[in-house]
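K.L.:
Got a structure here, written out as structure tokens. Questions coming.
The values are calculated or read from the model by the stated rules, or taken from the named source; none is laboratory data. Predicted, not measured: the structure shown is a model, and the values here were computed from it. Cβ placement follows ideal geometry from the backbone for every residue including glycine, while neighbour counts extend to all protein chains displayed. Quick note on the areas: whole protein, heavy atoms, side chains included, nothing else; ligands and nucleic acids left out. Shrake-Rupley method; radii C 1.70, N 1.55, O 1.52, S 1.80 Å.
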Amino acid sequence: MLITLVVDSIDRHLAAADSIESAAVIPGIFIAWCVNMGLVNPAEFVNVERSVVRLKYREITGGEFLVAALGGELHEEHLSERGIIFARRWYEAFLEEANVRLGETHEPNWATYEQMAPWLTERLLGRTSGRRTWWRFWR
């Protein structure tokens with residue numbers, strides 16, 4: 001059994017952010033991506049199933065989900081075993097990449113998610129060359 005830890009929290013981002021919404025963007029992107037990729041622990045989301053559906057249908061952002069459903073903290077127990085392994089390997093690099101791609105200000109919207117999701121997916125699939133986006137294999 002894996003020991004669970006806090007993966008990220010809005011508290012970590014509050015000093016650099018101008019609002020709670022901005023502080024929740026980066027960990028929100030990660031949890032939204034994990035939900036979409038099936039890397040979450042379903043038992044942890046039983047009480048927030050409606051929020052999960054709203055997230056999947058993009059009625060709320062990952063940051064809104066993080067705050068409303070998870071209290072602003074993403075814990076390893078929220079993730080599946082595969083999700084935990086992925087987070088332990090890639091989360092710090094994800095934070096660095098988000099800083100490079102998104103700069104200092106992070107807009108709380110799905111366009112921001114779309115800037116980072118392919119990077120995460122490439123790492124999950126083991127394709128980190130950066131030459132081609134996996135979903136554009138025909139080019």
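K.L.:
Out of the total accessible area of segment 1-91 (probe 1.4 Å, heavy atoms of protein only), what percent is carbon and sulfur?
P.N.:
C and S fraction of accessible area: 51 percent.
K.L.:
On the principal axes of its Cα set, how long, how wide and how thick is segment 32-82? Give whole Å, largest value first.
P.N.:
27, 20, 17
K.L.:
Go through segment 1-57 and name the chymotrypsin sites (Phe, Trp or Tyr not before Pro) that are in a DSSP coil and have 11 or fewer other Cβ atoms within 10 Å of their Cβ. Could you put the intermediate results ahead of the total?
P.N.:
Working: sites: Phe30, Trp33, Phe45, Tyr57; in loops: Tyr57.
Here the chymotrypsin sites (Phe, Trp or Tyr not before Pro) that fit, given the DSSP loop and packing criteria, are Tyr57.
K.L.:
Okay, moving on. Bin width 10 Å, origin at 0, all Cα-Cα pairs of segment 41-124: what percent of pairs per bin?
P.N.:
That works out to 15, 45, 37, 2, in percent per bin.
K.L.:
Follow-up. Which one of Val6, Pro27, Val53 is farthest out on the positive end of the charge dipole of segment 4-86, using unit charges on Cβ (Lys, Arg +1; Asp, Glu -1) and the Cα centre as origin?
P.N.:
Val53
K.L.:
Ignoring ligands, DNA and RNA, what accessible area per residue does segment 1-50 give at 1.4 Å, in Å²?
P.N.:
I get 55 Å² per residue for segment 1-50.
K.L.:
Can you give the FRET efficiency for Asp11 and Lys56, using 1/(1 + (r/R0)^6), R0 = 30 Å, r = Cβ-Cβ distance, to the nearest 0.05?
P.N.:
The formula returns an efficiency of 0.70 here.
K.L.:
Counting only GluC sites (Glu not before Pro) that sit in a DSSP loop (anything but H, G, I, E, B) with at most 16 other Cβ atoms within 10 Å, what is the longest stretch of the chain containing none of them?
P.N.:
Numbers: sites that count: Glu59, Glu104.
Result, exposed sites excluded: 1-58.
K.L.:
Is the shape of segment 1-68 rounded, prolate or oblate, going by the alpha carbon gyration tensor and its root eigenvalues a ≥ b ≥ c, with a/c under 1.5 for rounded and a/b larger than b/c for prolate?
P.N.:
In terms of gyration-tensor shape, oblate.
K.L.:
Report, in debye and to the nearest 20, how large the dipole of the chain comes out about its Cα centre when Lys and Arg carry +1 and Asp and Glu carry -1 on their Cβ.
P.N.:
Here the chain has a charge dipole of around 900 debye.
K.L.:
Which sequence of Asp8, Asp18 reflects their accessible areas, 1.4 Å probe, from the largest down?
P.N.:
Descending accessible area places them as Asp18, Asp8.
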